[in-house]
Each structure stands twice: as structure tokens, then as C-alpha cells.
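The values are calculated or read from the model by the stated rules, or taken from the named source; none is laboratory data. The shown structure was predicted, so the numbers you read here are calculated from the model rather than taken from an experiment. Counting neighbours? That spans all protein chains shown, and the Cβs are built from the backbone with ideal geometry, glycine included. The protein model used for the area step is the full one, side chains on, heavy atoms only, and it has no ligands, DNA or RNA in it. Shrake-Rupley method; radii C 1.70, N 1.55, O 1.52, S 1.80 Å.
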Amino acid sequence: MKILAIETSCDDTGIAVLEVSKTGGFSVLSNIVASQIEIHKEYGGVYPTLAKREHQKNLIPAFEQALKEAGLLEENKKKNRPATFLPRGKKVIVEKILEREPELCKKLVLFIKKYEKPSASRRIDLIAVTNGPGLEPCLWVGVNFAKAISFAWDIPIVPVNHIESHILVNILGNPPSHEATARQVKFPAIALVVSGGHTQIILIKKIGSYKILGETRDDAAGECFDKAARILNLEYPGGPIIAKLAEKGEAGKITLPRPMINTKDYDFSFSGLKTAVLYAWQKIKKDPAFRSSEKAVQQQTIANMSAEIQQAIVDVLIKKTIKAAKDYNAKTIILGGGVSANHELKTQLFIKIKEDLPNTELLFPQVDHSTDNGLMTAITGFFHKKNTVDWESIQANGNLRIGQ
Ligand code: KG4
Ligand code: ZN
């Protein structure tokens, strides 16, 4: 079966086409991500209304490219598209679905006129769309777009949880394998989902059965990287930049707290760490020795600060994940979310698992599957293929939870 996936939960517009064989093997036919980083850099973070506007702009080009790469596009050769294709009544409903996205609506109507509906061997069997959690205005663009296609092309639709997608993308393997199937994952598993909006430790008994053991009480780990970068006058997103600078720095030269590292729960708190970065940085900047030092020395201080920020976050994440894995006898530890692209997090967690839990396997996504993309949505849609719903009933929910 072929699954078309749409992901617009934050600042990446993702469209993917996944083919799943009868034996459950995955073939990635396309996975297009239109990033908005350049736009959000100027503001040092993601602004939902701006991101919504960009999704509206990016969806059709990404959709066209994804279908083209998947070999599903066929131009309508008839000069005058027969009126039966998108009859007036249908067009009115598509316009109603996308009434809050008029720019996107116009482009979609043209697209539907220009191309044939993929049929026969090109048939799309299912649409998977992220309906939460995330930035609600952004989620709605993707949801409405998916509804319009589902209606216009008459394809069943399934809503998908974004956190579950960050977990299930790991089923693909690293490097991704066409033979990947869910059977390879051993349960129970503990997932650490760390992104710009979430930091959660989740117990997985089987696919579809999730319990949130703990989560951040304030800022997410990715948010802490981003806010710390802003304090240091570095660009958005902060995670990759801090990680890069940290390579040249040394953790421990400057000391920062590891909030909640010794608490008995699985919760996190990163806003205190961000404040500690602010105070430490203000102090350094006022120091006459720093002010009069050469540029190279100042840069080394920023590198040391970056290394300490990264280490503080990694220390807390690893401590709580290992604790959860031990407490619940996890056979697998699964990493997901943008921060799982962090090399130190993966390496240090891998080493700790080898030492403390030698029978537990670590799964983490390849770097471009850590951050948001449509492929992860498609995979999750596949596991929920029986949960299709009436397109009219799908609601975006910024606070959607994966479990209790
Ligand atoms: O999952 P994601 O793409 O979007 C959300 O759902 O939030 O995660 C984005 C977050 C950003 O906060 C970014 O700074 C962080 O992931 N990130 C990283 C790295 N790459 C991305 N954090 C640490 N190290 C990285 N290499
Ligand atoms: Zn995400």
C-alpha cells in the first residue's frame, strides 16, 4: 500500500510517500522537507503566524515534488479538463475546507486540474496527517490540506500523533532498511522524545500502547538549546550550533546546574538551566579580563560555555532515561525528536547503556529523521491504518497527548 503523509506541526513542511509491502517492508518513495529556518533565524525562534504563512506557501511545491519523486504524477493531457473531475459542487467544498488558507486553496485547485488523480499502480491508499501536538495554527494548515485532498481524491485519512511519529521513525533502522518491520523492535521499550516543544520519557508496551512516565515541567530540551543560543547571540536553531561550538570547548570550565538530576521521578526542568546560562554569561561579559582578551580567547570561552550547556542537558537526559529503562526492564531504548540529532547525546547514552544495561538495545534515527519530516508521519499512519476517520471529524490539537 502507498501512504501519503503531511506534517506541518512546527516550522518544517514535510510531505512523504511511503510504500509498504504485503510483508510489512518499507520503501521510501519520497520524503520532502521544506525548512523555514532562514525565515525564523531573523526572529531567533518560530512565530506561529509566520510559520503558518510559510506552510501555505510551501505545501503545494513540496506535494508536487513528493508525488513526482514517487512516480505518481501524471499530467492531464486533455486541454479542457472534463467538468466531472472537480465538479462545481466538489470545488465549493474544497474551498470551504480551505477557507482559512485561501492562497493554498487556489494553488490546490490548479494542481488538481493539472494532474490526474494517481490511480491503478499509482494509487494512494491512505493519507496520514499530523494533528498534534505542535503549534496549532501550523497543524491546522496541514490538517485542512489533507482533508481537501482526502475529499477531492476520495482517499481514506488517518490522524497521526507527532510524538508517536518521532518514536516510530526508528522502525526504519539506521541506516534505513527496506526490510525494516516493527517485529524487530523488542518491548517493553523506553522512549526519550526530545524536541523543541517536548521532553518526555515514555513507556511503550507495544506499538499503540504508551504511558508518559515523565516530562519537562517547563522548557523542553531543544527549547533550552535554542534559548541558550539566543543568550549567547548565536543563530536559531541553537541545538546544532551549540553542538558544533562544543566540539572545540571543554565542559566543566564553566559550571552550570543539572536541574532535577537526582529526583526520584522521570521529570525534567530546563528553564533554570537557561537562567543560569544568562547569569553566567552576564558575569563573563562584565569581567574586564574577558573584555580585554583577544577574540580567539573570547571564542574559546563561548565554546566552553557551549560544551557545558550541552553536557548539562545530556547528563540529565541520560540519567533519567537509564533510570526509567532499569525500573521498567526495558529491552529497547528509543531516541527521537530534533535533539536526538545530537551526537554527544547518542554517543554518551550508547556508552552508558553498554555499561549499565548490556542487554538493552539503543535505537536512534539517522540525523535527518530526528528533526521533523513527513516520513515519520507516514510510518505512524501505517500502524494506525485501521483507524481511518471521516475527514470532517479531524481536529488539530496543539496539546494532543500520546498517553496518560
Ligand atoms: O523535532 P524538531 O525538529 O521540532 C519539534 O518538534 O520541536 O526539533 C527541533 C529542535 C530544536 O530545538 C533544535 O535546536 C533541536 O531540535 N536540535 C538539536 C540538534 N539538532 C536539532 N539539539 C541539539 N543538538 C542537535 N544536533
Ligand atoms: Zn518534532
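The radius of gyration of the Cα set in the stretch 269-370, together with its Dmax, comes out at 17.5, 54 angstrom. Based on alpha carbons, the Rg and Dmax found for the stretch 189-364 are 16.8, 58 Å. With only the Cα atoms considered, the stretch 181-268 has a convex hull volume of 152 Å³ per residue. Which one of VAL46, ALA312, ILE254 is farthest out on the positive end of the charge dipole of the chain, using unit charges on Cβ (Lys, Arg +1; Asp, Glu -1) and the Cα centre as origin? Of the candidates, VAL46 comes out farthest on the positive side. Neighbours of LEU172 by Cβ distance under 14 Å: Lys/Arg scored +1, Asp/Glu scored -1, total -2. Under a model in which nothing but the beta-carbon of Lys, Arg (+1) and Asp, Glu (-1) is charged, the stretch 189-364 shows a dipole of about 140 debye around its Cα centre. When you count the other C-beta atoms within 10 angstrom of each residue and take the mean per peptide, 163-170, 392-399 line up highest first as 163-170, 392-399.
What number comes out for the charge environment of LYS385, summing +1 per Lys or Arg and -1 per Asp or Glu over other residues with Cβ under 15 Å away?
It works out to a net charge of +1.
Under Stokes-Einstein, with the Kirkwood radius over Cα pairs standing in for Rh, what whole-number D in µm²/s applies to the stretch 25-141 at 25 °C and 0.890 mPa s?
151 µm²/s
Calculated on the alpha-carbon coordinates, the convex hull of the chain measures out at 138 cubic angstrom per residue. The residues of the chain have, on average, 45 Å² of accessible surface per residue, using a 1.4 Å probe with all protein chains present.
Comparing GLN404, GLY337, TYR236 along the charge dipole axis of the chain, the residue lying farthest to the positive side is GLN404, per the Cβ-charge model.
Among the lysines, which have Cα under 22 Å from the Cα of LYS244 when same-chain residues fewer than 8 positions away are ignored? Within reach: LYS41, LYS227, LYS253, LYS274, LYS285, LYS295, LYS346.
Over the stretch 312-404, the pair-distance histogram of Cα-Cα distances with 5 Å bins from zero comes to 2, 10, 17, 20, 17, 15, 9, 6, 3, 1, 0 percent, rounded to whole numbers.
Note that the stretch 237-250 has calculated 3J(HN,Hα) couplings of x, x, x, x, 6, 4, 4, 5, 5, 4, 4, 9, x, 10 Hz, one per residue in order, obtained from phi through the Karplus relation 6.51 cos²θ - 1.76 cosθ + 1.60 (θ = phi - 60°); glycine and proline are x. When +1 charges are put on Lys and Arg Cβ atoms and -1 charges on Asp and Glu Cβ atoms, the dipole computed for the chain relative to its Cα centre reaches about 700 debye.
Apply the a/c threshold of 1.5 to the C-alpha gyration tensor of the stretch 111-221 and tell me whether it is rounded, prolate or oblate. It comes out oblate by the Cα gyration axes. Hey, any idea what % of the chain's accessible area is carbon plus sulfur with a 1.4 Å probe? That share works out to 52 percent.
Counting only DSSP H runs of at least 4 residues, each contributing -39500 (n - 2.57), and dividing by the residue count of the chain, the helix-based mean residue ellipticity at 222 nm comes to -13500 deg cm²/dmol. Magnitude of the charge dipole for the stretch 5-149, about its Cα centre and with charges confined to Cβ atoms of Lys, Arg (+1) and Asp, Glu (-1), is about 1000 debye. Relative protection proxy for 324-330, 1-7, 61-67, 257-263, from highest mean packing down: 1-7, 61-67, 324-330, 257-263 (other beta-carbon atoms within 10 angstrom). The order of TYR47, TYR210 by accessible area, most exposed first and with a 1.4 Å probe, is TYR47, TYR210. Placing unit charges on the Cβ atoms of the charged side chains and taking the dipole of the stretch 189-364 about its Cα centre, the candidate lying farthest along the positive direction among LEU213, ALA303, PHE290 is LEU213.
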